[in-house]
Amino acid sequence: MILEELLVNILRQYPALDGFRVEECLKTSGQRRAYLLNSAAGRFVLKITDPQRAEEVVKCDTGILEYLGEVDFPSPRLIHTRSGQAYLPLEDRFLYVSAYLPGKHPKATPEYYSKLGQLMARLHSLPFPAEMRRSQHRPKGLLEEVRGQLNQAMGGDAEQRWMAEQGLKRVEAFPDFSGLPEGIIHTDPYFVNVLEDGAGSLALIDWEDGGISYPLMDVGYIGHLVTFLAHDRQNWQVSGEGEITFKPEWAQLFLRAYQQARPLNALERELLPAAIQLNFLMYLWDWDRQRLIPENFRRMQWLEEFASRLWLV
């Protein structure tokens, strides 16, 4: 195994990992690898990038973690080598180490949405250094990828073609975000990327796609967080029945808490429904089955109907 054959000598460059043992192989997507390590100094997470991740991008990944540590934002703390390096090469990949954050993924409760709103507003209010990476999590690039997926679905059955046609209309009509304020964004504040400690405090993990973009992109993710399919209800212990359970009151708790710390400006308020829509367009495609996901399309339709009336009450 790569960890046994190649990493032991490399990881000796980390004083915190003296005498480490592998406690667990963590779940990841794609070709990335992650391991939970245990040593006398504590528990740590080792991340190994996929082979296609360029060094300049890895430098930005670790730079974000370094900066968040400097400003004491609740996120994993990067661990440096004896010589102060933030990451190390590993054949055609790179690796870096962070301190393990104890905690569990939160349950969907009204209190959680208020706390998450406060946390995201805190993140989006941070000043950011000029050299921090500009995240590619922006409408222009994302919609190009979505357009390709929708065009591919045009070769499917009648339902796939209809969803593709409707999706392409939304892509072509999508508004310009270039006038929005920028800040540090996470890009994926879903339950699996949030940890809650024993005192109820929240932290954000998995920052690989984070960087400078429009905070409204993160805020628009609330659409995913308040619409639950049957398996979502089971995973996050939410009551409800039918295909979709919608919790608009939780969205309002999130937005109320968010705006107490960082009020949305007029343009952000105007474009929030579009940000919600975009966060669904991005997740219409099933990469394994190479087809559009009808349930996510219907969730997007559901929120388009209610967004303008309910989000900013």
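The values are calculated or read from the model by the stated rules, or taken from the named source; none is laboratory data. Please read these numbers as outputs of a predicted model, since none were measured by experiment. Cβ sites come from the backbone with ideal geometry, for glycine too, and all protein chains shown count toward neighbours. Note: accessible area is taken over every heavy atom of the protein model, side chains too, but ligands, DNA and RNA are not part of it. Shrake-Rupley method; radii C 1.70, N 1.55, O 1.52, S 1.80 Å.
Taking the criterion of being loosely packed, with under 15 Cβ neighbours inside 10 Å and either of a type in the set (Phe, Trp, Tyr) or not in a helix (DSSP H, G or I) (or both), the residues of the stretch 51-74 that qualify are Pro51, Gln52, Ala54, Val71, Asp72. Within the stretch 214-233, can one find any residue that is within 25 Å of Glu305 (Cβ to Cβ), open to solvent by 10 Å² or more (accessible area, probe 1.4 Å) and either of a type in the set (A, V, I, L, M, F, W, C) or over 21 Å from the mean Cα position of the chain (by Cα) (or both)? Yes, that holds for at least one residue. Against the numbered list (1) within 18 Å of the chain's Cα centre (by Cα); (2) assigned to a loop (DSSP other than H, G, I, E, B); (3) surrounded by fewer than 18 Cβ atoms within 10 Å (Cβ to Cβ); (4) not basic (Lys, Arg), Pro106 comes up short only at (3). For the stretch 146-160, name all the residues that are surrounded by 12 or more Cβ atoms within 10 Å (Cβ to Cβ) and without any contact (Cβ under 8 Å) to a residue 40 or more places away in the chain. Correct list: Arg147, Asn151, Met154. The single residue among Arg256, Arg289 that is under 23 Å from Gly148 (Cα atoms) and either surrounded by fewer than 21 Cβ atoms within 10 Å (Cβ to Cβ) or of a type in the set (Gly, Ala, Ser) (or both) turns out to be Arg289.
Filter the stretch 8-34 down to residues that are of a type in the set (Gly, Ala, Ser) and outside any loop (DSSP other than H, G, I, E, B) and give me whichever is farthest from Gln52 (Cα to Cα).
Ala16
Filtering Phe44, Phe20 for residues that are modelled with pLDDT of 95 or more and aromatic (Phe, Trp, Tyr) leaves a single hit, Phe44. Considering Phe254, Phe246, the condition of being among the aromatic types (Phe, Trp, Tyr) and modelled with pLDDT of 95 or more is satisfied by Phe254 alone. Selection over the stretch 19-41 of residues that are surrounded by 12 or more Cβ atoms within 10 Å (Cβ to Cβ) and of a type in the set (Gly, Ala, Ser) gives a count of 3.
Residues of the stretch 75-97 include at least one that is under 17 Å from the mean Cα position of the chain (by Cα) and either open to solvent by less than 20 Å² (accessible area, probe 1.4 Å) or touching a residue at least 40 places away in the same chain (Cβ under 8 Å) (or both).
In the set His80, His137, only one residue is touching a strand residue (DSSP E or B) at 6+ places or on another chain (Cβ under 9 Å) and at pLDDT below 95; that residue is His137.
Tell me, please, whether a residue that is more than 24 Å from Gln149 (Cα to Cα) and open to solvent by 40 Å² or more (accessible area, probe 1.4 Å) can be found in the stretch 294-303. No, that holds for no residue. Here Ala130 passes the criteria (1) open to solvent by 20 Å² or more (accessible area, probe 1.4 Å); (2) not in a loop (DSSP other than H, G, I, E, B) except the one numbered (2).
Examine the stretch 165-179 for a residue that is under 20 Å from the mean Cα position of the chain (by Cα), open to solvent by less than 10 Å² (accessible area, probe 1.4 Å) and either under 21 Å from Glu295 (Cβ atoms) or not small (Gly, Ala, Ser) (or both), and state whether such a residue exists. Checking the stretch 165-179: at least one residue is under 20 Å from the mean Cα position of the chain (by Cα), open to solvent by less than 10 Å² (accessible area, probe 1.4 Å) and either under 21 Å from Glu295 (Cβ atoms) or not small (Gly, Ala, Ser) (or both). Of all residues in the stretch 234-253, those that are open to solvent by less than 10 Å² (accessible area, probe 1.4 Å) and in contact with a strand residue (DSSP E or B) (Cβ under 9 Å, 6 or more places away or on another chain) total 0.
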